[in-house]
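K.L.:
Just passing along the structure, written as structure tokens.
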Protein chains: 2
Amino acid sequence: MPANGVCRIIPLGGLGEVGKNMTVYECEGSIVVVDAGLAFPRDEHLGVDLVLPDFAYLRERRDAIKAVVLTHGHEDHVGALPYLLREVGPLEVWATRLTLGLVKSKLDEHGLLRASDTREIDPETTVLELGPFRLEFVRMAHSIPDAVAIVLETPAGRIVHTGDYKLDHTPIDGLKTDVGRLAEIGNRGVDLLLGDSTNAERHGVTQSERVVGEAFRQIIPQRQGRVLVSSFASNVHRMQQAIDVAVTVGRKVCVVGRSMRKNVNIARNLGYMSVPDGVLIRPAELDEFRPEEVLILCTGSQGEPLSALTRIAYNDHPTVHVDRGDTVIISAKPIPGNELRVHDAINRLAKAGAEVLHEDNAPVHVSGHANADELRTIISLLRPRAVMPIHGEFRMLAAHARLAQDAGVPTESIVLGENGSVVELEPGRPPRIVEQIEAGVTFVDGLGVGDVRDVALRDRRRLSEDGVLIIVATLGGGNGGIAPPELIARGFAEPGPLLDEMRSEAARVLEECLDGDVREIKLLQEHLHDGVGQLIYDRTGRRPMILPVVIEV
Amino acid sequence: MPANGVCRIIPLGGLGEVGKNMTVYECEGSIVVVDAGLAFPRDEHLGVDLVLPDFAYLRERRDAIKAVVLTHGHEDHVGALPYLLREVGPLEVWATRLTLGLVKSKLDEHGLLRASDTREIDPETTVLELGPFRLEFVRMAHSIPDAVAIVLETPAGRIVHTGDYKLDHTPIDGLKTDVGRLAEIGNRGVDLLLGDSTNAERHGVTQSERVVGEAFRQIIPQRQGRVLVSSFASNVHRMQQAIDVAVTVGRKVCVVGRSMRKNVNIARNLGYMSVPDGVLIRPAELDEFRPEEVLILCTGSQGEPLSALTRIAYNDHPTVHVDRGDTVIISAKPIPGNELRVHDAINRLAKAGAEVLHEDNAPVHVSGHANADELRTIISLLRPRAVMPIHGEFRMLAAHARLAQDAGVPTESIVLGENGSVVELEPGRPPRIVEQIEAGVTFVDGLGVGDVRDVALRDRRRLSEDGVLIIVATLGGGNGGIAPPELIARGFAEPGPLLDEMRSEAARVLEECLDGDVREIKLLQEHLHDGVGQLIYDRTGRRPMILPVVIEV
């Protein structure tokens, strides 16, 4: 526990992105958790479905946790909440209205809604007193409505945690980043800023969401065939803008993909989206309309294998298909690692005859994160005494740190932490890293949470590179004889002379061992492993995993 | 064989990129092969090192092959040559001087140089008569010097094959794309254009290579620490420009990475690079100089696991390390699929304290391929009667086709082929696809060429996702009893209650079978597979590969 009057800040979660998914604030025996999101596995996490932050620190201090406070409704900020609640028990969860709507639906799916204590933040008026913490909120523009920054008043000083944001001066809902409030908070004095670094390496400012609407208004009216627009299912404003154009040109709108249908429903019910009556049609009704009479909103902008757009691209969707003359707008940017999947989908759609518009050839996407000049503006408004860049890979944090330095923040007051870095802020001193706690990640694979560990992943990688060879040898009981070993190869060789040669080598190794009176099963297995392994390497240059099984009967 | 007077064109090789690696031209019993390159495996090709074009068509017609003609020295255009020569025997190989220098060194490494018949093309003067083909060459600017387009006069008409190019009007060596020659050939009349489509989706024109030099001249002189520049080892002009700045500011130059050292040697020996005496130092000498006295050129711009830059980033290089205050310039763009590896390297370098400049935050890279407006220019100069976009994914070919259409080429004269599409051109008719031949790719894995097939890759994928479980059951001879089955799990579960449960289930299944008098080994294995598989799926939601082994003694 930090000393009295000291506030401890620990970024957690994320794969290489610092504090992306969760940040723990701890002071005088009380903990406030900001966000509880998940990361998406990379190709090297073979077979892993989701990646959770390490909950160990919170598990050991569950009674100290006053609340979980969410900045916005994206999966990487709220997706781990059900797992957190399951692990540490019921908690107070605070979020703005849309975020809460999305989170409740998620908790419901996990059967956790009844046990949850969810409460709504009004960014203009809500003030939370949580132990020694006093929290206020500031509206921020982002690629999902209802995002907020959090101002934490602590005994150690005033901290601003931005969440994800950009400075969109013309957002679709008119709810701009509240620069007036930020300036006022800056006037009160900010001791530490924890700020979104995602686009710190990019010059200038991010374009307004409205730019995408302008592109839609230019592109869609001229099109003859079907128009498909694929985006993140949570990008409510993006969907609204596509729907607005559809209404103008008299196209019906069909929402395809489970998560997008769900989010459209939630957003409409809460008043975040407005669709005139008679515009929406169900996928089953698509057949009743000519291609030029419909606009299809669909998931799959990341090329996810089972998503609507991927199934459409591979001509494997039950209700939607794409023909010559159709237009597909991919209104998103591939998350690093998804590029090839997205390219594959584009190629398939192009082969089907569609023209595919995407970020590289049309202005159909803008980022939700602030570029360098916006970060400079925020620093000018808040004039923080210290800065801790978060939300980004190390190179982005380093770029954010350089911006802060250029803006006059002293080098010793800039903290470049990692996940698990324990940063302490105390009155009148720059924050500093005092220790590093264990902060791995937890893999969710199938139904199992946390039972796949590095050794299993290492095995999977090995298996995936060169396959596996199983050698089954049976040692006869009485006469001490041996049956010809049985070989099973998967993932590396075809049946043929090599397999015969391996079998002979295994038999030779066994005989040699038995002649030398080596009968200990572990030793026999080792000799088989080494002998056959060497043969395979000599013949093929490969190193499959070799699993010798010796059975004594 | 095509009918008399008909020219057959078959794009081959590439993974999703049409005709990127090899194109076969066949007419009146004679074959000219343009390029013999390789593709790089994608993550889904687990454990595969290289991907070769399908040589089957050439293997069956080896006596018809008059020559292999290479457009330029990049791996994806020349890298498969040793494998082709090994498979179909010695061939005449034609290339320009630098390309030939690179190819000879490659053939030498494969022990094929003596058996090869390599001959030099002078783009200004060489005319080749190869059976019914008459070949001329045109200088093209690209990201490697000495690239050429090929003009093939055939009984079916005049064909222009561009190779990779851009319209750089201010290349470093002064050797621009020879637009005058192209215009003259256009005046003679072009029946078919096969053109590079890589950047067909990008608007405007690609910037000149000189732009990168200007960036180097702005960035490097201000830097205090080490400067590292990483680029493709074949980008001779890029390296020259970095060296020129180093010479100006008085830094020594150290070339690190085997392929880069090799290429610098070849390029210097052939006069394509000029480095004043006393500028180059060996890696072992780096210790004798202060950081601000050296510029290091290194491989690894794609984040390749064993490359110099990756080893430097992970502090695992024998002679080069990076400290606070150093600058790393990544003068390349990640090839799709390599993004995460490159990001990892950048993060590591940033953690070591270096400032990393790359395409996203500084103008330190330009593409080697023509953008849309350059493609339009080429079409205007050549005024082809027909166009067949090649060198690109389908979406890029489709974009190139739209540009050709906008330029007035009739739709029926635009051929969108795939690898293995047999396109026939005959006098006075638009080219058309007459059949599709088998044109898979050949995987090189370790020492084996072509022995890893789809089934092995499918197995590797399965293994990589959920691991493997081996069940070894021994059926006793006389009394018909069974020993407790032995289980080996790799890549999915930890030892524990689940393993015990699986063992019990296996025993139960076996007993049930034997009670029902099922003793056929194949059937027993199937029952074990299904029973234990279902249990695992119920408990974990996973589907490891299950390999039951039943042994009768």
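K.L.:
By the scheme Lys and Arg +1, Asp and Glu -1, what is the net charge of all other residues having a beta-carbon under 9 Å from that of A:Arg158?
P.N.:
-1
K.L.:
Still on this structure, I have one more. For chain B, take the longest principal axis of its alpha carbons; what is the angle in degrees between that and the long axis of helix B:394-406, to the nearest 10 within 0 to 90?
P.N.:
It is inclined by approximately 30 degrees.
K.L.:
Report the equivalent ellipsoid semi-axes for segment B:16-114 in whole Å, largest first, defined as the square roots of five times the eigenvalues of the gyration tensor built from alpha carbon atoms.
P.N.:
That gives 20, 17, 13 Å for the three semi-axes.
K.L.:
Looking at the protein assembly as shown, send over the antiparallel percent of its DSSP beta bridges, to the nearest 5.
P.N.:
The answer is about 50 percent antiparallel.
K.L.:
For segment A:141-260, what does the alpha-carbon gyration tensor say about shape, rounded, prolate or oblate, given a ≥ b ≥ c as the root eigenvalues, a/c under 1.5 as rounded, and a/b over b/c as prolate?
P.N.:
Prolate, since a/c reaches 1.5 and a/b exceeds b/c.
K.L.:
Return the whole-Å distance between the Cα centroid of segment A:220-281 and the Cα centroid of segment B:372-444.
P.N.:
About 37 Å separates the Cα centre of segment A:220-281 from the one of segment B:372-444.
K.L.:
In a shell of Cβ-Cβ distance under 14 Å around B:Leu113, excluding B:Leu113 itself, what net charge do Lys and Arg (+1) and Asp and Glu (-1) give?
P.N.:
+2
K.L.:
Right, next: Given charges of +1 on the Cβ of Lys and Arg and -1 on the Cβ of Asp and Glu, with all other atoms neutral, how large is the dipole of the protein assembly as shown about its Cα centre, in debye to the nearest 20?
P.N.:
Charge dipole of the protein assembly as shown: 2500 debye, to the nearest 20.
K.L.:
Also, I was wondering about something else. Using a label position 7 Å from Cα in the Cα→Cβ direction, what is the ascending list of nm distances from B:Leu306 to the same site in the other copies?
P.N.:
So the label point of B:Leu306 gives 3.9 nm to the other copies.
K.L.:
Over all directions, what mean area does the Cα convex hull of segment B:294-427 project, stated in square nanometres?
P.N.:
Projected over every direction and averaged, the Cα hull of segment B:294-427 covers 11.5 nm².
K.L.:
Longer than 32 Å from Cα to Cα, which of A:Lys20/A:Lys252; A:Lys104/B:Lys333; B:Lys166/B:Lys351; A:Lys351/B:Lys333; A:Lys333/B:Lys262 are they? Say none if no pair is.
P.N.:
A:Lys20/A:Lys252; A:Lys104/B:Lys333; B:Lys166/B:Lys351; A:Lys333/B:Lys262
K.L.:
How far is B:Gly408 from itself in the other copies, in nm, if each label sits 7 Å out from Cα along the Cα-Cβ line, shortest first?
P.N.:
Reported distances to equivalent positions: 6.3 nm.
K.L.:
Choose one of B:Pro305, B:Leu193, B:Leu487: the residue whose Cα lies farthest towards the positive end of the charge dipole of chain B (beta-carbon charges +1 Lys, Arg; -1 Asp, Glu; about the Cα centre).
P.N.:
Farthest along the dipole direction, towards plus: B:Leu193.
K.L.:
Another one. Going by the alpha-carbon gyration tensor, a ≥ b ≥ c the square roots of its eigenvalues, is chain B rounded (a/c under 1.5) or, if a/c is not under 1.5, prolate (a/b greater than b/c) versus oblate?
P.N.:
Note, shape of chain B comes out oblate.
K.L.:
Still on this model: Tabulate in residue order the Karplus-calculated ³J(HN,Hα) for segment A:91-103, using 6.51 cos²θ - 1.76 cosθ + 1.60 with θ = phi - 60°, rounded to whole Hz; enter x for Gly and Pro.
P.N.:
For segment A:91-103, the Karplus-derived couplings read 9, 5, 10, 10, 7, 6, 4, 5, 4, 5, x, 5, 5 Hz, x marking Gly and Pro.
K.L.:
Bins of 10 Å, beginning at zero and ending with the bin holding the largest distance: percent of Cα pairs per bin for the protein assembly as shown, please.
P.N.:
Spelled out bin by bin, the protein assembly as shown gives 2, 9, 16, 19, 20, 18, 11, 4, 1, 0 percent.
K.L.:
Same structure, new question: In nm, what does the list of distances from A:Thr126 to its counterparts in the other copies look like, shortest first, when each label sits 7 Å along Cα to Cβ?
P.N.:
7.2
K.L.:
How big is the dipole moment of segment B:288-435 about its Cα centre under a simple scheme where the beta carbon of each Lys and Arg is +1, that of each Asp and Glu is -1, and everything else is neutral? Debye, nearest 20, please.
P.N.:
360
K.L.:
Could you work out how far apart the two model spin labels at B:Ser274 and B:Asp117 are, taking each label as a point 7 Å from the Cα in the direction of the beta carbon, and quote it in nm?
P.N.:
Those two pseudo-labels are separated by 3.8 nm.
K.L.:
May I ask for the distance between the Cα centers of segment B:66-80 and segment B:173-203, given as a whole number of Å?
P.N.:
One Cα centre to the other: 19 Å.
K.L.:
Let me spell out the model: positive unit charges on the Cβ of Lys and Arg, negative unit charges on the Cβ of Asp and Glu, origin at the Cα centre of segment A:45-88. What dipole size does that give, in debye rounded to 20?
P.N.:
In total the dipole reaches around 240 debye.
K.L.:
Determine the calculated [θ] at 222 nm for the protein assembly as shown from helices alone, applying -39500 (n - 2.57) to every DSSP H run no shorter than 4 residues and normalising by the residue count; nearest 500 deg cm²/dmol.
P.N.:
-9500 deg cm²/dmol
K.L.:
Continuing with the same structure: Quick one: Cα convex hull volume of segment A:310-364, Å³ per residue?
P.N.:
Measuring per residue, one finds 78 Å³ for the Cα hull of segment A:310-364.
K.L.:
Along the positive direction of the dipole of chain B (beta-carbon charges: Lys, Arg +1; Asp, Glu -1; about the Cα centre), which of B:Gln241, B:Val229, B:Val415 reaches farthest?
P.N.:
The Cα lying farthest towards the positive end belongs to B:Gln241.
K.L.:
Compute the acute angle (0 to 90°) between the alpha-carbon long axis of helix B:454-466 and the principal axis of greatest extent of the alpha-carbon atoms of chain B; round to the nearest 10°.
P.N.:
In chain B, helix B:454-466 runs at an angle near 60 degrees to the longest axis.
K.L.:
Tell me, how many Å apart are the Cα centres for segment B:312-334 and for segment A:307-370?
P.N.:
Between the Cα centre of segment B:312-334 and that of segment A:307-370, the gap is 36 Å.
K.L.:
Further, regarding this structure: Would you work out which of A:His203, A:Gln534, A:Leu128 lies farthest towards the positive end of the dipole of the protein assembly as shown, given +1 charges on the beta-carbon of Lys and Arg and -1 on that of Asp and Glu, about the Cα centre?
P.N.:
A:His203
K.L.:
Order these by the 10 Å Cβ neighbour count, fewest first: A:Glu426, A:Glu374.
P.N.:
Going from least to most buried by this count: A:Glu426, A:Glu374.
K.L.:
Would you mind checking which residues have amide H under 5 Å from B:Lys252's amide H? H placed 1.01 Å from N; only 5 or more apart, or other chain.
P.N.:
Correct list: B:Val294, B:Leu295.
K.L.:
As a test, work out the antiparallel percent of DSSP beta bridges whose residues both lie in chain A, rounded to the nearest 5.
P.N.:
Roughly 50 percent of the beta bridges in chain A run antiparallel, per DSSP.
K.L.:
On to the next question. Quote the relative contact order of chain A in percent (integer), defining contacts as alpha-carbon pairs under 8 Å separated by 6+ residues.
P.N.:
15
K.L.:
Measure nothing but the geometry: give the 0 to 90° angle between the long axis through the Cα atoms of A:339-351 and the longest principal axis through the Cα atoms of chain A, rounded to 10°.
P.N.:
Long axis of A:339-351 versus the principal axis of chain A: about 90 degrees.
All of the numbers you see were taken from the coordinates with simple rules; none came from a lab. Because the structure is predicted, anything quoted here is derived from the model rather than measured. Positions of Cβ are backbone-derived with ideal geometry, glycine not excepted, and every protein chain shown enters the neighbour counts.
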